[in-house]
Amino acid sequence: MEKLVSYWYDVRPVPEDYIFPPETRPGSLHVPIGEVIPVIDLSEAEHGDRTPTIRKILQAAQEFGFFQVKNHGVSENLMTEAMGVFKEIFQRSNLAKQKLDSQDVSKRCRLKTCTINCTADKVHLWRDFLMHPCHPLEQWQHTWPQNPTRYQECVGACSVEVKKLASRILALISEGLGLKCGYFDDELLSGSMMLSVNHFPPCPQPSLTLGSSKHADTNLITILLQDDVYGLQVLKEDKWIGVEPNPHAFIVNMGCLLQVISNNKLKSAEHRVVTNPSTARTSAAFFVIALEDSIIEPAKDLTDELHPPIYKPFKTKDFVTQFLANDGDSQAALRSVLA
Ligand code: OGA
Ligand code: NI
């Protein structure tokens, strides 16, 4: 069992099994000012013409695979309070954390540090995370941490709002793609949600380590809340773009399944998290997921003789198996389902 990074992070030099090979280390943390991830105001679509908002969303999803949303309808108070309890989880004593740090893999709510399992991870990430399902709420809320005492109530309220936001964004995307109204309302497709609360402790040698290595999300769409500490970078045309922290905005990124359904019209961009020497960073990723037996394939409305399907139909669980078999390489998993 690997020890949580937050138990010992203040060591120099950093342990060897946390040092990435030169070609994948972040090196200089300075990302030149260049392109920025678009920030889209969702209030415009609420009052009046939805077309400009849909156009902006589609363009960002095609070009970057990422965008941020503001005026999204989730109250700032709730976001601040949720970020507060997320941070508290990791500020608790080591003993309190140990209770959540279970080795019982059948438990759906766990605090851990290794992504797959510690022996399979080639290099360890500078990150601890708490992962649990968060939709449907009635099914899971009681399995979440009981301390901080506000966790279940506050994260429950936040999950409900984020799920609504995700549905709104998926509806705008389906309209933009020209899919039938309610395409993503299908419970099999987007009926479930997982929450990963990520904690990246300060790292004495940030140029050698990563909080999260280059990956694309394997789910449908991800809604991410980050605090005011920089760390997230998005890959576009072989260049890393930093995502400006904006604690009142949500970051939205397309997962591999949305890339498949859109027949490559939308891009599931690779991204990573860099660490820094002075300040811990916290983020909460709400993964909208398809159920494991749902069949994923390019939407019929988007394919014809001139635009043949780029991917063959597959079950979500088989895609995840491919992803794991390829050591978390999402591009390899996508290649495995090419038509
Ligand atoms: C993830 C992820 C980014 C972040 O959990 O898949 O990419 O900023 N997180 O924590
Ligand atoms: Ni991710």
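Points worth noting:
- Here region 31-335 is treated with +1 on each Lys and Arg Cβ and -1 on each Asp and Glu Cβ, and its dipole about the Cα centre works out to around 680 debye.
- Across the cross-link table entries LYS99/LYS122; LYS180/LYS265; LYS99/LYS315; LYS3/LYS267; LYS99/LYS214, which are compared at the Cα atoms, the separations over 28 Å belong to LYS99/LYS315; LYS3/LYS267; LYS99/LYS214.
- Calculated [θ] (222 nm, deg cm²/dmol) that DSSP helices of n ≥ 4 give over the chain, each run adding -39,500 (n - 2.57): -8500 deg cm²/dmol
- Excluding same-chain neighbours fewer than eight residues apart, the aspartates and glutamates reachable from LYS164 by a Cα-Cα span under 18 Å are ASP41, GLU44, GLU46, GLU76, GLU138, GLU153, GLU175, ASP185, ASP186, GLU187.
- Relative to the longest principal axis of the Cα atoms of the chain, the long axis of helix 316-325 makes an angle of roughly 40 degrees.
- The angle between the Cα long axis of helix 151-177 and the main principal axis of the chain comes to about 30°, on a 0 to 90 degree scale.
- As a rough guide to protection, the peptides 37-50, 288-301 ranked by mean Cβ packing within 10 Å, highest first, stand as 288-301, 37-50.
- Each of LEU208, ILE223, VAL85 was placed along the dipole of the chain (beta-carbon charges, centred on the mean Cα), and the one lying farthest toward the positive end is LEU208.
- For region 31-335: rounded, prolate or oblate by the Cα gyration tensor [a/c cutoff 1.5]: rounded
- As a length-normalised measure over Cα pairs under 8 Å and 6 or more apart, the relative contact order of region 31-335 settles at 21 percent.
- Share of carbon and sulfur in the accessible area of the chain stands at 52%, probe radius 1.4 Å.
- Between LEU220, LEU177, LEU306, the Gaussian network model of the chain with springs among Cα atoms under 10 angstrom shows the greatest mean-square fluctuation at LEU306.
- Compared with the dominant Cα axis of the chain, that is its longest principal axis, helix 76-91 is turned about 40°.
- Å² per residue, accessible surface of the chain at 1.4 Å: 46 Å²
The values are calculated or read from the model by the stated rules, or taken from the named source; none is laboratory data. Computed from a prediction, not measured in an experiment: that's the story for all the values here. Reconstructed Cβ throughout: ideal geometry from the backbone, glycine too, with neighbour counts over all protein chains shown. Side chains included, ligands, DNA and RNA excluded: accessible areas come from the protein's heavy atoms. Shrake-Rupley method; radii C 1.70, N 1.55, O 1.52, S 1.80 Å.
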